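The values are calculated or read from the model by the stated rules, or taken from the named source; none is laboratory data. Because the structure is predicted, anything quoted here is derived from the model rather than measured. Quick reminder, even Gly has a Cβ in these numbers, built from the backbone with ideal geometry, and neighbours come from all protein chains shown. Note: accessible area is taken over every heavy atom of the protein model, side chains too, but ligands, DNA and RNA are not part of it. Shrake-Rupley method; radii C 1.70, N 1.55, O 1.52, S 1.80 Å.
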Amino acid sequence: MQLLVFGINHKTAPISIRDRLSQETSKIKKDLKQELVKNNFAEFFILSTCNRFEIYLYSKKEAETRNYLKEYIFRLFAKTLKGYFKYERNDLNDYLYQYHDLQAVEHLYRVASGLDSLVKGEDQILAQIKKQFKEYKKENFTDSYLNQLCLEAIKVGKLVRTKTKINERAVSVSYAAVELARDIFGNLDGEKVMILGAGKTAELTLKNLLNYGVEGILVANRTYCNGRKLADKYGGEVIRWEKFKKRVEEVDIIIASTAAPHTVLHQDDLFEAVAKKHGPMFLIDIAVPRDIDQEVETLPGVHLYNIDDLKSVIDKNLNLRENEVGKAEAIIEEEKYNFQRWLLEQSCVPLIKEMRADARCIKEEEVKRALHLLQNSELEAAEIIQQLGHRLLNKFLHQPTVGLKELAVESEKNKEVQLDAVKTVFAVGGKK
């Protein structure tokens, strides 16, 4: 049995190469499908994200298959990148990594747990694995082995996030702002927010605040139509830029993200608003250069955070996540060997199926006989059932009994080991 993974990621290859492979996923899948038909491997699965492109293969053939598949995947990648990048053969080797068997299992578990991500513990990769696995399973490109591997990887990813704090705490500017807001307000339900500017980071911050219960949105932007688009998208109200200062008393949170070359909000602009409010005001200045004059934080109840403050929160949280890596790796190590146990168990599945088929034939034959007696014999039902049980017992144990007697008269070599195996299988002699 060979379980193999070949791939590139953000640590081994530039984004230009990752983009190219991602764009050609359908063609690569088609090539792999043709190779699947030739029976050079039994199952395959591609995991393609912005940070990685990986091919997982399962082959029933022996170890020599690994070298063939390595060359095949190398040619497949080289064909995909031909004419698109200038590289020597060794350069492509530098981009590619490969793992096999338990190494491959551990690698996918690390990926699913977020340990191999650009930002440790991020959750998006788990959703991507689920989505892409579902696609390949539906197309019958995966079967029992890769199905089990992917399901176990998803389980491990969830387990790591449940039993550690690897995905807790904000690691982006927009989430850091929300984390600070929750520290200040506790519950964000019903809080009102004003957006100054209509940039991407401001929108992400707004979106995350809304997810935590913020209501009532005012959007002010120098270009009115851009402000209106953002307001319409989130059910807010757009206001003219020159009028936003008159409305600040209505809100609890202000997100400033304009492209102005100077500050646009000053202490005097907030003095009356703060006097009228009975709660705190949270100002998030994510503009460079800054939009909000630093002096506003001298006002009572005003909490001002700029981009450097948010990055400090992010750095602290990243360190906290890093401290959870050891716990996550311990979980992965244990689960990796649980998968190995499952793999080893699969070797006896054909024998188990054969045993059950033989037992089923005996059962059906004896039940048929008992039913016939119930309908045509003068024997009491209880006696027929007693006969059924007796005959089933004898027939099920006949061959194991014969086998044990043969073991008893064989040479002493390995006899004790074989008898211990029998005790384990039949749970006798104290081995329950």
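Any idea what the relative contact order of the chain is, in percent, if you count C-alpha pairs under 8 Å spaced at least 6 apart? List each step's numbers first, then the result.
Numbers: 562 pairs, mean separation 50.3, N = 432.
RCO, the chain: 12 percent.
I need to check one value: relative contact order of segment 173-314, counting alpha carbon pairs closer than 8 Å and at least 6 residues apart, in percent. Numbers along the way, then the final one.
Working: 274 pairs, mean separation 33.8, N = 142.
Relative contact order here is 24 percent.
Using the alpha-carbon centroid of each, what span in Å lies between segment 321-335 and segment 370-404?
55 Å
Compute and list, largest first, the equivalent-ellipsoid semi-axes of segment 139-263 from the alpha carbon gyration tensor, each √(5λ) rounded to a whole angstrom. Write out the running numbers ahead of the final one.
Working: eigenvalues 307, 65, 32 Å².
For segment 139-263, the semi-axes come out at 39, 18, 13 Å.
Using a 1.4 angstrom probe, figure out how much accessible area segment 349-426 has per residue, in square angstrom, rounded to the nearest whole. Provide the component values of the computation, followed by the final result.
Numbers: 6420 Å² over 78 residues.
So segment 349-426 comes to 82 Å² accessible per residue, rounded to a whole number.
Helix 25-37 against the longest principal axis of the chain: what's the angle in degrees, Cα atoms only, rounded to the nearest 10?
Helix 25-37 and the main axis of the chain meet at about 0 degrees.
May I ask you to list the GluC sites (Glu not before Pro) in segment 356-421 that are in a DSSP loop and have at most 15 other Cβ atoms within 10 Å of their Cβ? Each step should come with its number before you reach the end.
Values: sites: Glu364, Glu365, Glu366, Glu378, Glu380, Glu383, Glu406, Glu410, Glu412, Glu416; in loops: Glu378, Glu380, Glu410, Glu412.
Here the sparse-neighbourhood loop sites are Glu378, Glu380, Glu410, Glu412.
Thr401 to Tyr68: extension gain in nm, 0.36 nm per residue of separation minus the Cα-Cα distance?
Working: separation 333, 0.36 × 333 = 119.88 nm, distance 4.69 nm.
Separation in residues times 0.36 nm, less the Cα-Cα distance, equals 115.2 nm.
Volume per residue, Å³, of the convex hull around the alpha-carbon atoms of segment 3-163? Provide the component values of the computation, followed by the final result.
On the way: hull volume 16.9 nm³, N = 161.
It comes to 105 Å³ per residue, whole-number rounded.
Carbon-plus-sulfur fraction of the accessible area of the chain, 1.4 Å probe, in percent?
Working: 12420 of 24450 Å².
Answer for the chain is 51 percent, counting heavy atoms of protein chains only.
Cα centroid distance between segment 259-312 and segment 31-86, in Å?
Answer, in whole Å: 55.
Using heavy-atom solvent-accessible surface (probe 1.4 Å) with all chains present, what is the largest-first order of Lys30, Lys336?
Details: Lys30 130, Lys336 15 Å².
Largest accessible area first, the list is Lys30, Lys336.
Please give me, ordered by residue number, the GluC sites (Glu not before Pro) of segment 304-357 that lie in loop per DSSP and have at most 14 other Cβ atoms within 10 Å. Could you put the intermediate results ahead of the total?
Numbers: sites: Glu322, Glu324, Glu329, Glu333, Glu334, Glu335, Glu345, Glu354; in loops: Glu324.
Within segment 304-357, no GluC sites (Glu not before Pro) qualify (loop, at most 14 other Cβ atoms within 10 Å).
Per residue, how much accessible area does segment 3-163 have with a 1.4 Å probe, in Å²? It would help to have the intermediate numbers written out before the result.
Numbers: 7880 Å² over 161 residues.
In whole numbers, segment 3-163 has 49 Å² accessible per residue.
Give me the mean projected area, in nm² to one decimal, of the convex hull enclosing the Cα positions of segment 278-432.
Spelled out: convex hull of the Cα atoms, projected over all directions, averaged, 24.3 nm².
How are the C-alpha pair distances of segment 349-426 spread across 10 Å bins, as whole percents from the shortest bin up?
16, 34, 27, 16, 7, 1
Using θ = phi - 60° and the Karplus curve 6.51 cos²θ - 1.76 cosθ + 1.60, what whole-Hz ³J(HN,Hα) does each residue of segment 91-99 get, with Gly and Pro shown as x?
Each residue's phi maps through the Karplus curve to give 5, 5, 4, 5, 6, 7, 10, 9, 9 Hz.
Can you compute the radius of gyration and Dmax for the chain, using only the Cα atoms, both in Å?
Cα-based Rg and Dmax for the chain come out at 32.9, 107 Å.
Using the alpha carbon gyration tensor of segment 317-362, what are the three equivalent-ellipsoid semi-axes (square root of 5 times each eigenvalue), largest first, in whole Å? Please list the in-between numbers first.
Working: eigenvalues 382, 14, 5 Å².
With the √(5λ) rule applied to segment 317-362, the semi-axes are 44, 8, 5 Å.
If I model a spin label at Leu299 and Ala259 as a point 7 Å from the Cα along the Cα→Cβ vector, what separation in nanometres do I get?
For Leu299 paired with Ala259, the spin-label model returns 2.8 nm.
For the chain, what proportion of DSSP beta bridges, expressed in % and rounded to the nearest 5, is antiparallel? Working shown, then result.
Details: 19 of 40 bridges.
Counting DSSP beta bridges with both partners in the chain, the antiparallel share is about 50 percent.
Helix 64-81 versus the longest principal axis of the chain: what is the Cα-based angle in degrees, 0 to 90, to the nearest 10?
That helix lies at roughly 30 degrees to the long axis.
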